[in-house]
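Worksheet: the structure to be examined is printed underneath.
The values are calculated or read from the model by the stated rules, or taken from the named source; none is laboratory data. Only a predicted model underlies this, so the values are computations on that prediction, with no experimental measurement involved. Ideal geometry is used to build each Cβ from the backbone, glycine not excepted, and the neighbour counts take in all protein chains shown. When the accessible area is computed, the model is the full protein with side chains, heavy atoms only, and any ligands, DNA or RNA have been set aside. Shrake-Rupley method; radii C 1.70, N 1.55, O 1.52, S 1.80 Å.
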Number of protein chains: 2
Amino acid sequence: MNEQAAAGNQTTVKVGLGERSYDIVIGPGILRDAGNRLARVLPGARAAVVTDETVAGFHLDTLKTALDNAGVGHEVITVPPGEKSKSFEHLQEVVDGILAARLERADVVIALGGGVVGDLAGFASGIVRRGMNFVQIPTSLLAQVDSSVGGKTGINSTHGKNLIGVFHQPKLVIADSALLDTLTPREFRAGYAEVAKYGLINQPDFFGWLEKSWEDIFAGGPARVEAIARSCQSKADIVERDERESGERALLNLGHTFGHALETATGYDSKRLVHGEAVSIGMVMAHRFSARMNLASVDDAQRVEAHLREVGLPTRVSDIRGELPDEETLLSYIAQDKKVSRGALTFILTNGIGRSFIARDVPASEVLSFLRENRPQ
Amino acid sequence: MNEQAAAGNQTTVKVGLGERSYDIVIGPGILRDAGNRLARVLPGARAAVVTDETVAGFHLDTLKTALDNAGVGHEVITVPPGEKSKSFEHLQEVVDGILAARLERADVVIALGGGVVGDLAGFASGIVRRGMNFVQIPTSLLAQVDSSVGGKTGINSTHGKNLIGVFHQPKLVIADSALLDTLTPREFRAGYAEVAKYGLINQPDFFGWLEKSWEDIFAGGPARVEAIARSCQSKADIVERDERESGERALLNLGHTFGHALETATGYDSKRLVHGEAVSIGMVMAHRFSARMNLASVDDAQRVEAHLREVGLPTRVSDIRGELPDEETLLSYIAQDKKVSRGALTFILTNGIGRSFIARDVPASEVLSFLRENRPQ
Ligand SMILES: NC(=O)c1ccc[n+]([C@@H]2O[C@H](COP(=O)([O-])OP(=O)(O)OC[C@H]3O[C@@H](n4cnc5c(N)ncnc54)[C@H](O)[C@@H]3O)[C@@H](O)[C@H]2O)c1
Ligand SMILES: NC(=O)c1ccc[n+]([C@@H]2O[C@H](COP(=O)([O-])OP(=O)(O)OC[C@H]3O[C@@H](n4cnc5c(N)ncnc54)[C@H](O)[C@@H]3O)[C@@H](O)[C@H]2O)c1
Ligand SMILES: [Zn+2]
Ligand SMILES: [Zn+2]
């Protein structure tokens, strides 16, 4: 189903989902050609560009020029940066903006930003007129390797992260790897956690390559494009086999059950913790919890932690600044997480690097003991 | 694909949509058995019942008892009656209620009410955890013959009706025809407009039968069950061929383009106009506009108007009490309607009773002239 077609330093990953198939185009500088690319996929469409204030400051002009050059009429809807924009209030704002621009179903909503903008704009495009065209232009590493691929969209609830949303596939993903040069090092690292995740799920070779190549990926150039493409390919392979997460797709949640609980615990306060950092800590916890259950070796857990720590990611709950709720409360956040099925706790555990699996019926008592053993002193 | 299976005075209409197929069970008194029926389709599911205050007063206890008897745990979420509940505010309230009840994807949201509750609860169930199970228990005639079938859900925007929503099919529809006895005559009539619509779309025989049988339908008994079943069958046939309204399904909008504009014009004020009344006026306008364009005979338009007037429905813009905006404004409401494609006006027009068709590129100027000729004096 999938193939990678290299053209110069561009790569295309195809996501094969029947009539919902689409291309992910990856390469440095391709934002400048975004208008033409979009017009080829959706001829005649007008656009609403959804972005956040930070990304707008760096890259909106380039996109606007690209759209103008291709004759694509557009309006811009800007939200504040940060996870708090994944709320009902901002959803309503974006939906109203799209309707006020009088876009029709054949027109398009473009997300220019990180995972927050992608999830929010994707959700809005999925519910305006019961589903409009949608194009992702991810600008963070996390969004380029993860959130822009696969069609999950949504917002947060006070009851937990991403609890409200729809599946709505984009028609095209344009991942300009040079845009990542304006990302803060901290945000780049956070996105890198999701890159490492693909290695840890089912590709030990890729994880080994990352251990050797991570500095080149951070520096930019061909290794960065390759890391993004291999990540997108990994995700596409899984999504093609299980678009609506009735099974295997749950593997992509490696590190996320613990991670989401930590994000809830820190009130989505990006000063304390961003999503990729939570995933980094969560992945290490998943490996250490697996080792504790005698499912994986302690060595593998240590190797995972060592690599994530080397690139500068937090790996322990104790790396989070400030107060955290007690372990019972953390467990209650885990139990509300959407990977819970009929009261049994479902976790992604592992038999070692690249050997993750879906574990249903994990005893809550074991999780609680593990959390308590790891209480920051 | 479809069949009607009669069992006593119950009828089942099957909606054949592959893995999204479901039954519509129709008959007097079947609410009392709703718990068992639900438990057969969704064993082990817990429920959130969404209803409105009026319907709760009449029928909630019967449903609660039925659920209790079948061992189905449930919470109740009540919204105010009326179109104004199809808003972002109430959507958020219902979504929060479902999450607060800690329902999972395998649990179920039940809509007990008219089209408003069905559209709102259906939308909420379509976005909580990116899609939960949903069961419709329609309590108005309109909901039993139209809104509970076919998977359209949504809320209104200040920019127009039903502009925000998702396609989300129910797992089961339970239409207890005896519940309609508590409906006001005015609401019953409004629902009847949608029954007549099926005859006018493509079943002249059915329309003829309605002209003869309408008093029996209003009185209750076998003619009522038959009218509901034939309506559901009509809608199911169309939805099976075009689930996501890329073509033929638009026929179901007969009368709705004019109708929605009138609803917007009266600010969704149910004292002045309810949905079915707007559709009644809209269907007469569609027939008269078709006659004016020499597409249909004036006789047919008069026959449609005569029948709707006989049952007590409004048929003219002048039947609406109070001030209305001018024709340019009405036209702008029509143009924002979601059946507009790339600026061309799309209407459902007709060649006569039971011979409706989708007309694209209807000149806005003709519509404006027609509206002006019909200005209430
Ligand atoms: N839909 C999915 O499948 C999926 C998968 C993973 C994560 N997510 C979601 O993604 C979100 C996290 O994504 P994120 O880390 O991109 O968050 P984000 O969108 O908040 O971006 C992080 C920060 O980087 C800034 N930024 C983005 N691109 C930039 C650039 N090129 N230059 C300078 N600054 C830039 C943003 O303004 C923001 O402040 C979470 O809400 C998470 O739930 C969704
Ligand atoms: N989703 C679709 O495909 C679709 C199709 C047609 C209409 N609709 C929508 O349906 C809505 C109109 O539906 P409606 O006419 O049922 O409106 P409604 O839900 O507001 O019900 C009308 C009134 O009747 C009351 N009521 C309902 N059942 C009753 C009963 N058994 N006894 C006493 N009172 C009862 C309600 O409380 C309300 O006051 C509109 O919002 C329209 O857009 C949707
Ligand atoms: Zn993630
Ligand atoms: Zn209707």
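Can you tell me which residue within the stretch A:267-291, out of those that are open to solvent by less than 10 Å² (accessible area, probe 1.4 Å) and of a type in the set (Val, Ile, Thr), is nearest to ligand 1 (Cβ to nearest atom)?
Once the filter is applied, the top-ranked residue is A:279.
If you scan the stretch A:182-223, which residues turn out to be of a type in the set (S, T, N, Q) and more than 11 Å from ligand 1 (Cβ to nearest atom)? Steps first, answer last, please.
First pass over the stretch A:182-223, keeping only residues of a type in the set (S, T, N, Q): A:182, A:184, A:202-203, A:213.
A:202, A:203, A:213 - these are the residues of the stretch A:182-223 that are of a type in the set (S, T, N, Q) and more than 11 Å from ligand 1 (Cβ to nearest atom).
Of the residues in the stretch A:240-299, how many are more than 16 Å from ligand 3 (Cβ to nearest atom) and within 19 Å of residue A:350 (Cα to Cα)? Break it down into steps so the answer makes sense when it comes.
Of all residues in the stretch A:240-299, those more than 16 Å from ligand 3 (Cβ to nearest atom) come to A:240-244, A:246-248, A:265, A:267, A:269, A:271-272, A:287-299.
In the following step, the residues that additionally are within 19 Å of residue A:350 (Cα to Cα) were identified as A:247-248, A:287-299.
Within the stretch A:240-299, residues that are more than 16 Å from ligand 3 (Cβ to nearest atom) and within 19 Å of residue A:350 (Cα to Cα) number 15.
Here is a check on your reading of the model: is residue B:131 away from ligand 4 (no atom under 16 Å from the Cβ) and open to solvent by 10 Å² or more (accessible area, probe 1.4 Å)?
Criteria met by residue B:131.
When you check residue A:46 against the structure, is it within 23 Å of residue B:161 (Cα to Cα) and either within 16 Å of ligand 4 (Cβ to nearest atom) or surrounded by fewer than 17 Cβ atoms within 10 Å (Cβ to Cβ) (or both), yes or no? Spell out how you get there, then give the answer.
Numbers: within 23 Å of residue B:161 (Cα to Cα): yes; either within 16 Å of ligand 4 (Cβ to nearest atom) or surrounded by fewer than 17 Cβ atoms within 10 Å (Cβ to Cβ) (or both): no.
For residue A:46, the condition - within 23 Å of residue B:161 (Cα to Cα) and either within 16 Å of ligand 4 (Cβ to nearest atom) or surrounded by fewer than 17 Cβ atoms within 10 Å (Cβ to Cβ) (or both) - is not met.
Residues checked against (1) hydroxyl-bearing (Ser, Thr, Tyr); (2) in contact with a helix residue (DSSP H, G or I) (Cβ under 6 Å, 6 or more places away or on another chain); (3) closer than 19 Å to residue A:87 by Cα; (4) touching a residue at least 60 places away in the same chain (Cβ under 8 Å):
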| site | (1), (2), (3), (4) |
| --- | --- |
| B:75 | no, no, no, no |
| B:89 | no, no, yes, no |
| B:93 | no, no, yes, no |
| B:96 | no, no, yes, no |
| B:108 | no, no, no, yes |
| B:112 | no, yes, no, yes |
| B:121 | no, no, no, yes |
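Count, please, the residues in the stretch B:151-201 that happen to be within 16 Å of ligand 4 (Cβ to nearest atom), in a helix (DSSP H, G or I), open to solvent by less than 10 Å² (accessible area, probe 1.4 Å) and of a type outside the set (A, V, I, L, M, F, W, C).
Adding up the residues that qualify gives 6.
Considering only residues that are among the hydrophobic types (A, V, I, L, M, F, W, C) and either open to solvent by less than 10 Å² (accessible area, probe 1.4 Å) or touching a Gly at 6+ places or on another chain (Cβ under 9 Å) (or both), look in the stretch B:219-239 and name the one that is nearest to the other protein chains (Cβ to nearest Cβ). Let's see the steps before the verdict.
To start, the set of residues in the stretch B:219-239 that are among the hydrophobic types (A, V, I, L, M, F, W, C) comprises B:219, B:223, B:225, B:227-229, B:232, B:236, B:238-239.
Among the residues that remain, those that are also either open to solvent by less than 10 Å² (accessible area, probe 1.4 Å) or touching a Gly at 6+ places or on another chain (Cβ under 9 Å) (or both) are: B:225, B:227-229, B:232, B:236, B:238-239.
Values: B:225: 31, B:227: 28, B:228: 25, B:229: 27, B:232: 21, B:236: 19, B:238: 16, B:239: 14 Å.
Per the stated criteria, the residue is B:239.
How about the stretch A:313-345: which of its residues are of a type in the set (S, T, N, Q) and at pLDDT below 85? Spell out the reasoning first.
At the first step, the residues of the stretch A:313-345 found to be of a type in the set (S, T, N, Q) are A:315, A:318, A:329, A:332, A:336, A:341.
A:336, A:341, listed by residue number.
Just to check your reading of the model, which residue among B:242, B:216, B:269, B:205 is within 14 Å of chain A (Cβ to nearest Cβ), more than 13 Å from ligand 4 (Cβ to nearest atom), charged (D, E, K, R) and touching a helix residue (DSSP H, G or I) at 6+ places or on another chain (Cβ under 9 Å)? Walk me through how you get there before you give the answer.
On the way: B:216 fails: within 14 Å of chain A (Cβ to nearest Cβ); B:269 fails: within 14 Å of chain A (Cβ to nearest Cβ); B:205 fails: within 14 Å of chain A (Cβ to nearest Cβ).
It is B:242.
Can you tell me which residue within the stretch B:69-93, out of those that are among the charged types (D, E, K, R) and in a helix (DSSP H, G or I), is least open to solvent (accessible area, probe 1.4 Å)?
Top of the filtered list is B:83.
Of all residues in the stretch B:304-338, how many are in a loop (DSSP other than H, G, I, E, B) and among the β-branched types (Val, Ile, Thr)? Please lay out each step first, then the result.
First, pick out the residues of the stretch B:304-338 that are in a loop (DSSP other than H, G, I, E, B): B:312-316, B:320-326, B:337-338.
Still in the list and also among the β-branched types (Val, Ile, Thr): B:315, B:320.
So the count comes out to 2.
Any residue in the stretch B:246-255 that is open to solvent by less than 10 Å² (accessible area, probe 1.4 Å), under 17 Å from the mean Cα position of the chain (by Cα) and either closer than 16 Å to residue B:376 by Cα or more than 14 Å from chain A (Cβ to nearest Cβ) (or both)?
yes
Look at residue A:39 and say whether it is over 24 Å from the mean Cα position of the chain (by Cα) and part of a loop (DSSP other than H, G, I, E, B).
Here the answer is no, as residue A:39 does not meet what is asked.
Is it the case that residue B:96 is surrounded by 20 or more Cβ atoms within 10 Å (Cβ to Cβ), acidic (Asp, Glu), more than 13 Å from residue B:137 (Cα to Cα) and in the same structural domain as residue B:174 (by TED's automatic domain parsing)?
When the stated conditions are applied, residue B:96 does not pass them.
Could you tell me which numbered condition residue A:160 fails, if it satisfies all but one of (1) at pLDDT 95 or above; (2) within 16 Å of ligand 3 (Cβ to nearest atom); (3) within 12 Å of chain B (Cβ to nearest Cβ)?
(1)
If you go through the stretch B:105-150, how many residues are within 14 Å of chain A (Cβ to nearest Cβ), charged (D, E, K, R) and part of a helix (DSSP H, G or I)?
Total meeting the criteria: 1.
Only one of these conditions is not met by residue A:66: (1) within 16 Å of ligand 1 (Cβ to nearest atom); (2) surrounded by fewer than 19 Cβ atoms within 10 Å (Cβ to Cβ). Which number is it?
Every listed condition holds for residue A:66 apart from (2).
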